[in-house]
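Working notes, beginning with the structure itself.
Where a number appears in this text, it was derived from the coordinates with a stated rule and is not lab data. Note that the coordinates shown come from a computational prediction; the quantities given were computed from them, not determined experimentally. We place every Cβ from the backbone using ideal geometry, glycine too, and count neighbours over all the protein chains shown.
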Amino acid sequence: MSTEASTGTVEWVHVAAAKGAPARAVTFAEVVTNHGISGDWRTRSGSRRQLTLVDADVLEDVARTLGIEVAPGASRRQVTVRGMDLNAAIGHHVAVGEVVIEVSLACDPCEQMEVAIGPGGRAALEGRGGICGRVLSGGTIRPGDIVRLVPRA
């Protein structure tokens, strides 16, 4: 990964209390090691999808492509990042503020994007729907936090 694409900044943090519930923007989120964000329905031990990230630039491109407004949190990803090539982080460790995750896979868009974003949302996010990771070290995430690759321990 190139140096300029290996860091970014957290723009938004969202939590959904229940499956299908609206993603609510928060000023901070507590993240538990090997679990995920406290209070988010997706939080569970042992999952490779404990924390999800999406690129803000991708969401803006989706909005332009579809000719609609894409609300923050519509992608259903918990953390929106700007300035980092997230797909290039797959297979690496990433620090999100003080939290460290092992990025295990791409977070492919599902059929729910057709409702959450709008018709064509799933196709517009194909191949750039964000990333998922397992929380190696918990802590607090806030908008403004730096996101960066970290060496594997």
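Points to keep in mind about this one:
- Entry note, the chain: the mean residue ellipticity at 222 nm calculated from DSSP H runs of n ≥ 4, each adding -39500 (n - 2.57), is -3000 deg cm²/dmol after division by the residues and rounding to the nearest 500.
- The chymotrypsin sites (Phe, Trp or Tyr not before Pro) found in the range 8-91 that occupy coil by DSSP, while having at most 15 further C-beta atoms within 10 Å, are 28, 41.
- Least to most buried among 69, 102 (fewest other Cβ within 10 Å first): 69, 102
- Axis angle, to the nearest 10 degrees, between helix 56-66 and the longest C-alpha principal axis of the chain: 10 degrees.
- Length-normalised contact order of the range 3-150 in % [C-alpha pairs under 8 Å, at least 6 apart]: 35 percent
- Descending principal axes extents, the range 1-125, alpha-carbon based, whole Å: 38, 37, 25
- Within the range 3-150: Cβ-based charge dipole about Cα centre, in debye rounded to nearest 20 (Lys, Arg +1; Asp, Glu -1): 480 debye
- Scanning the chain for trypsin sites (Lys or Arg not before Pro) that sit in a DSSP loop and have at most 14 other Cβ atoms within 10 Å, the longest stretch containing none of them is 49-151.
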